[in-house]
1. So for the protein assembly as shown, Kirkwood radius off the Cα pairs, Stokes-Einstein at 10 °C and 1.306 mPa s: how many µm² s⁻¹?
2. Inside 10 Å of the C-beta atoms of B:338-345, what's the mean count of C-beta atoms belonging to other chains?
3. Mind ranking A:91, B:268 by accessible surface for me, highest first, 1.4 Å probe?
4. Provide the per-residue ³J(HN,Hα) series for the stretch B:331-336, in order, calculated from phi with Karplus coefficients 6.51, -1.76, 1.60 and θ = phi - 60°, each as a whole number of Hz, with x at glycine and proline positions.
5. With an 8 Å Cα cut-off and a minimum separation of 6 or more residues, compute the relative contact order for the stretch B:289-345 in percent.
6. Could you derive backbone 3J(HN,Hα) for the stretch B:300-314 from the dihedral phi with the Karplus parameters 6.51, -1.76 and 1.60 (θ = phi - 60°), listing whole Hz in sequence and x where the residue is Gly or Pro?
7. Tell me: how much accessible area in total is hidden between A and B, 1.4 Å probe, Å², nearest 100?
8. When Cβ neighbours within 10 Å are restricted to other protein chains, what is their mean count per residue of peptide A:150-161?
There are 2 protein chains.
Amino acid sequence: MNTTCPVPRFDFDAITMGHGGGGLLTQRLLQSGVFSVLGNELLNQQHDGASFSLEGKLAFSTDSYVVSPIFFPGGNIGDLAINGTVNDLAMCGAAARYLSLAFIIEEGLKMEQFAAVLQSIGQAAKTAGVQIVTGDTKVVERGKGDQLFINTSGIGVVHRNASIHHQHIRPGDKIILSGKLAAHGIAIMSKRKGLSFETDIVSDTTALNHTVINLVETYGSGIRFLRDPTRGGLASVLNEVAGLTKLGYNLDQKAIPIDPQVEGACEMLGLDPLYVANEGIFVAIVSREIASDFLRTLHQHYNGEHAAIIGEVSTEHAGTVVAKGIAGGHRIISYLAGEQLPRIC
Amino acid sequence: MNTTCPVPRFDFDAITMGHGGGGLLTQRLLQSGVFSVLGNELLNQQHDGASFSLEGKLAFSTDSYVVSPIFFPGGNIGDLAINGTVNDLAMCGAAARYLSLAFIIEEGLKMEQFAAVLQSIGQAAKTAGVQIVTGDTKVVERGKGDQLFINTSGIGVVHRNASIHHQHIRPGDKIILSGKLAAHGIAIMSKRKGLSFETDIVSDTTALNHTVINLVETYGSGIRFLRDPTRGGLASVLNEVAGLTKLGYNLDQKAIPIDPQVEGACEMLGLDPLYVANEGIFVAIVSREIASDFLRTLHQHYNGEHAAIIGEVSTEHAGTVVAKGIAGGHRIISYLAGEQLPRIC
């Protein structure tokens with residue numbers, strides 16, 4: 001357990017309905033643990049909302065986290081909720097600044113677990129350089145939730161050099177993946193009831209903002225488009241952008257970085273890693289001119305060392321994603337019809 | 001049903017796990033219904049976040065809504081989620097501008113119900129004058145949620161005349177309630193399993209932003225403090241502010257506006273209306289000098305016609321809330337120890 005954040009101390013064992021009532025128990029929950037871990041000048045005002053000034057163009061994003069189980073190899077629902085929203089803002093070319101944090105807790109959640117999640121939240125916020133400035137806590141009856149759901153929304157400042165929009169994508173642009181594919185989904189899967197298997201695979205959950213803002217600063221409008229391939233994986237991101245741009249997206253399967261253990265687990269489970277969720281990598285579509293410099297810079301960042309050019313945008317087979325396989329054959333990568341791995345984030 | 005918003009048309013009967021998977025079904029859910037009701041220039045970009053410019057001091061707020069049942073007399077979880085966050089921003093003296101919207105849907109929710117909620121969301125956003133610019137949809141298995149939970153977070157622009165902070169409260173300030181107490185909580189209660197009783201009582205859910213911003217514009221720093229007494233009711237708001245300011249808060253019970261039917265229902269259920277949730281009124285603590293003018297202006301607004309001065313701030317019995325009863329006796333109004341009405345908002 002990371003010790004750089006204060007450890008919350010609660011004077012009760014488990015969450016009761018009263019902790020969501022807005023009365024004395026809610027106050028005690030907040031005062032005895034939440035504020036000690038997450039407190040800052042804005043949050044400590046304890047008003048209905050936080051007030052601040054921000055200069056420039058803003059980005060605003062939201063995500064609810066319902067991952068099951070809430071603790072998994074490499075992280076838990078707490079750091080996932082911070083990193084996820086920080087990353088969504090980074091994909092807009094924005095440096096996350098202020099986050100909101102809203103809990104929906106199932107009655108009976110052990111305070112030990114809640115404290116561990118809170119501490120991860122505090123640590124992740126610190127690492128990402130963001131402040132949690134406003135929040136909410138609701139409690140639902142046993143059997144009406146699943147331990148803990150978290151919503152984070154975030155506000156960031158868009159970098160002045162950012163010019164990220166799918167409309168800027170051109171034929172000839174390169175598709176770059178910032179790291180190894182499919183670790184998050186497989187890490188969750190390895191802990192699922194009835195599916196447990198021995199593995200050292202850990203979730204890739206991490207904050208990408210520092211890396212991304214540095215790239216945006218350097219490469220500006222050479223970066224056409226950014227997206228983190230979470231739910232639905234790389235295949236869904238590229239299908240979405242293929243649909244929006246009416247261009248073709250060609251992948252070179254053998255260029256896609258993936259850990260051999262993750263690849264093995266995918267084979268064992270019958271999963272295509274292109275559809276598996278990630279929480280610490282991003283797809284960048286960049287101009288041909290900057291592609292190799294961009295890659296070189298990315299390689300210097302701790303979370304970009306495995307980055308690779310994995311494909312190219314083309315005018316052929318407009319609106320679709322095509323992968324050239326290891327053996328040389330081509331296949332169309334379409335949207336997943338249903339859900340491959342539910343409750344992954 | 002209000003017909004000024006487009007009616008969403010879904011080509012399936014109920015939510016399945018796949019609708020939360022980020023693949024084809026998620027796309028279909030969004031394209032076939034959500035965007036048609038809520039679409040605007042920013043939301044339609046379909047990026048991970050929305051980007052925009054806002055001048056001035058900002059306010060940021062979040063709330064998750066877990067009300068049960070999701071449809072109740074006078075509203076549903078959809079308009080509640082919009083009005084609630086719009087009102088939280090208004091209590092900061094801010095005009096809400098952009099909202100995020102995140103659904104956690106229980107597998108099996110009927111599309112008919114989801115469509116009705118969406119339509120209420122669209123209508124409430126229109127009435128409040130806010131845009132939904134970014135969102136998220138998650139689905140959890142049957143028995144791991146309760147039909148529908150909604151999180152809304154919002155960004156507003158703080159009015160230049162606003163100077164709202166509990167530190168500005170002074171002895172002699174007047175406590176004003178903008179409307180009748182306890183309607184929301186009793187409306188929910190009347191529909192609870194095993195508690196149904198005949199009543200015409202409807203929730204007071206409404207957007208307060210237009211009224212509040214008009215008052216802030218006119219009365220500026222004469223308005224010391226604003227808060228909407230939702231969960232925990234009027235008693236919790238005043239206890240919180242009493243604790244923060246170390247001043248005494250004297251209420252005149254007979255001055256508090258309440259509908260006789262609501263009062264009767266509270267008596268029948270053994271509930272103290274001071275602790276019952278509201279979703280369409282606010283408490284204003286204002287300087288003695290402006291109190292009667294403020295009240296006169298408030299009376300001219302459709303959601304302020306029943307406003308009344310209900311008490312005064314004093315240096316006596318510091319840190320507590322005291323109510324003078326109908327018969328003249330005094331009682332201390334403390335925080336509710338537990339939860340009076342769970343899942344009220």
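1. Working: Rh = 25.9 Å.
It comes out at roughly 61 µm²/s.
2. Working: counts 9, 12, 4, 1, 9, 7, 4, 4.
Across B:338-345, the average partner-chain Cβ count within 10 Å equals 6.
3. Numbers: A:91 0, B:268 125 Å².
From most accessible down to least: B:268, A:91.
4. For the stretch B:331-336, the Karplus curve yields 9, 7, 9, 9, 4, 5 Hz.
5. Details: 27 pairs, mean separation 9.9, N = 57.
Relative CO of the stretch B:289-345 lands at 17 percent.
6. Karplus-based 3J(HN,Hα) across the stretch B:300-314 equals 7, 8, 4, 9, x, 5, 9, 4, 8, 7, 10, x, 8, 8, 9 Hz.
7. Details: alone 15460 and 15450 Å², together 24880 Å².
Separately minus together, A and B give about 6000 Å² buried.
8. On the way: counts 2, 13, 4, 15, 5, 7, 2, 0, 4, 0, 0, 0.
Taking all residues of A:150-161 together, the mean is 4.
The values are calculated or read from the model by the stated rules, or taken from the named source; none is laboratory data. The structure presented is a predicted model; accordingly, all values stated were derived computationally and were not measured. All Cβ positions, glycine included, derive from the backbone under ideal geometry; neighbour counts span all protein chains shown. Accessible surface areas use protein heavy atoms only, side chains included; no ligands, DNA or RNA. Shrake-Rupley method; radii C 1.70, N 1.55, O 1.52, S 1.80 Å.
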